[in-house]
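S.K.: Just dropping this structure here.
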Amino acid sequence: MKILPFFAAVFLSAPAYAATEGERVQVRGELIDTWCYFSGVMGGTDAVVGSAHHTCALWCSAGGIPVGLLAEDGTVYMVLKIEGDDANASGDTQLNLASHEITADGMLYARDGLNYLVVEKVVTDHGITNLNHEDYGVVPGFAIPNPNK
Amino acid sequence: MKTFLTAATLVIGSLAAAPLFAQDFSEGSTAKAWNLYAETPAFFGAKVVDITCEVTGDCPDNCGDGNRQLGLLRDADDVLVFPNKNSQSGFQGATVDLLPFCDAQVEVDGLLIQDEDIKGATNIYLVQKIRMAGAEEWTKANTWSKDWAKKYPEAKGKGPWFRRDPRVNAIIADSGYFGQGLSHAEAYEATQ
């Protein structure tokens with residue numbers, strides 16, 4: 001039984017996060033703005049993605065809000081690099097892919113409940129495929145100014 | 001005995017792999033509420049780090065010089081907190097506000113987002129103010145817009161920055177507000 005305190009000491013003295021050793025993965029998903037998605041500031045998760053939220057996703061990406069890859073199973077991967085571009089705060093590569101669904105090949109890291117992705121290759125850029133403006137209009141509502149004013 | 005030890009090891013292992021418990025960092029916080037569903041005020045000490053460096057080991061000078069997202073390695077539990085947002089209303093992240101504190105020990109005050117209903121919505125932070133550890137004076141995390149104005153003097157004008165941002169406007173001019181090639185009038189009409 002003296003072995004139990006040993007196990008406890010070994011496991012509990014280590015920081016409570018996974019080692020940041022990468023794992024090669026291929027993920028398909030949409031590049032989203034993570035603040036609107038995680039905070040709920042503009043409503044439910046269905047409305048803050050896709051074409052309805054495209055303009056806001058551009059604003060957020062340009063504004064330095066972190067970009068995530070929302071996979072088909074609902075997992076969000078915080079994107080650290082795309083094809084060598086490490087500008088993950090307001091960078092051009094992330095901005096140009098806002099709202100696009102991509103198939104990404106790269107390295108996955110996990111730390112403290114968040115997933116991180118280094119996209120080594122955009123295997124396919126499927127474009128903006130979630131046409132949810134047909135259901136939600138534009139989110140937020142002021143994103144498209146009245147052209148007659 | 002063997003079964004018991006295996007079970008005990010699994011229990012201890014799972015405890016170590018997951019956050020041990022949700023700590024409360026609200027004591028001492030003077031953060032302003034945003035009335036977000038899953039927000040809690042959070043005041044804590046931390047080291048400002050380059051998240052890409054911290055996670056992957058790729059570490060350029062000066063935390064990436066403003067090009068990379070910066071994180072808060074919390075003193076109390078070594079958790080890497082991800083500041084998604086600064087204190088300004090609108091669409092600004094926190095990198096510009098945190099960069100002057102790269103690699104420094106600081107104290108921060110703001111709102112922590114922990115939403116069990118959204119996959120991955122954990123250790124997300126809205127930083128409202130920052131100060132060096134031991135300092136009295138706070139710096140408000142609201143400098144993004146001034147920084148943007150310096151970068152884009154040609155975009156000076158009325159209205160919020162996001163209506164005038166040259167990169168955003170170029171993309172909208174190319175593919176429209178929904179990214180589907182609709183003209184401005186067509187896109188507006190689709191929302192009516």
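A short reminder: the numbers here are calculations on the coordinates, not readings from a lab. Remember, it's a predicted structure, so these values are computed and weren't measured experimentally. Note that each Cβ is placed from the backbone with ideal geometry, even for glycine, and that neighbours are counted across all protein chains shown.
S.K.: So how far apart, in nm, are the two label points at B:Leu36 and B:Lys150 if each is 7 Å from Cα heading toward Cβ?
M.R.: 2.7
S.K.: A further question follows. Inverting the mean 1/r over all pairs of different Cα atoms, compute the Kirkwood radius of chain B and quote it in Å. Don't jump to the answer; show the numbers that get you there.
M.R.: Values: mean 1/r = 0.0516 Å⁻¹.
Averaging 1/r across every pair of different Cα atoms and inverting gives 19.4 Å.
S.K.: What is the distance in Å between the Cα centroid of the range A:79-121 and that of the range B:138-155?
M.R.: 25
S.K.: Could I ask something else about it? Sequence gap at least 6, Cα distance under 8 Å: using those rules, report the relative contact order of the range B:59-167 to the nearest whole percent.
M.R.: Numbers: 163 pairs, mean separation 24.0, N = 109.
Relative contact order here is 22 percent.
S.K.: How would A:Val119, B:Val108 line up from fewest to most surrounding beta-carbon atoms within 10 angstrom?
M.R.: Details: A:Val119 26, B:Val108 29.
Sorted ascending by nearby Cβ count, the order is A:Val119, B:Val108.
S.K.: While we're here: For the range A:136-149, take each phi angle, set θ = phi - 60°, evaluate the Karplus expression 6.51 cos²θ - 1.76 cosθ + 1.60, and give the result in whole Hz per residue in order, putting x for glycine and proline.
M.R.: Karplus values, whole Hz, x for Gly and Pro: 10, x, 10, 10, x, x, 8, 5, 9, x, 5, x, 8, 10.
S.K.: Hey, with R₀ at 30 Å, roughly what FRET efficiency would A:Asp105 and A:Met42 work out to, going by the Cβ-Cβ distance, to 0.05?
M.R.: It comes to 0.45.
S.K.: Another one. Mean residue ellipticity at 222 nm from the helices of the protein assembly as shown, using -39,500 (n - 2.57) per DSSP H segment of n ≥ 4 over the full residue count, to the nearest 500 deg cm²/dmol?
M.R.: Values: 12 runs with 90 residues, N = 341.
Calculated mean residue ellipticity at 222 nm is -7000 deg cm²/dmol.
S.K.: Between B:Asp75 and A:Arg24, what is the label-point separation in nm under the 7 Å Cα-to-beta-carbon projection?
M.R.: For the pair A:Arg24/B:Asp75, the computed spacing is 4.3 nm.
S.K.: Please report, in whole Å³, the volume per residue of the convex hull around the C-alpha atoms of the range B:111-192.
M.R.: 191
S.K.: How high is the relative contact order of chain A? Use alpha-carbon pairs under 8 Å, at least six apart in sequence, and give a whole percent. Could the numbers behind the result be given before it?
M.R.: Values: 282 pairs, mean separation 42.9, N = 149.
Once divided by the residue count of chain A, the mean separation gives 29 percent.
S.K.: If the reach is capped at under 18 angstrom between alpha carbons, list the aspartates and glutamates near B:Lys129, excluding any in the same chain fewer than eight residues apart.
M.R.: B:Glu27, B:Glu39, B:Asp75, B:Asp97, B:Asp103, B:Glu107, B:Asp109, B:Glu137, B:Asp147
S.K.: How big is the antiparallel share of DSSP beta bridges in chain A, given as a percent to the nearest 5?
M.R.: Details: 28 of 33 bridges.
The antiparallel fraction comes to roughly 85 percent.
S.K.: Starting from the Cα of A:Lys149, draw a straight line to each of the lysines and keep only those under 26 Å, dropping any in the same chain fewer than 8 residues away.
M.R.: B:Lys156, B:Lys158
S.K.: At 0.36 nm per residue, minus the direct Cα-Cα distance, what do B:Glu136 and B:Gln180 gain on full extension? Give it in nm, one decimal, please.
M.R.: Values: separation 44, 0.36 × 44 = 15.84 nm, distance 5.10 nm.
10.7 nm is the gain from fully extending B:Glu136 to B:Gln180.
S.K.: Using a 7 Å offset from the Cα along the Cα-to-Cβ direction at both A:Thr124 and B:Ser26, what is the distance between the two label points in nm, to one decimal?
M.R.: Modelled inter-label distance: 4.7 nm.
S.K.: Give the Kirkwood hydrodynamic radius (Å, one decimal) of the protein assembly as shown, defined as one over the mean of 1/r across all pairs of different Cα atoms.
M.R.: Values: mean 1/r = 0.0478 Å⁻¹.
Kirkwood hydrodynamic radius for the protein assembly as shown: 20.9 Å.
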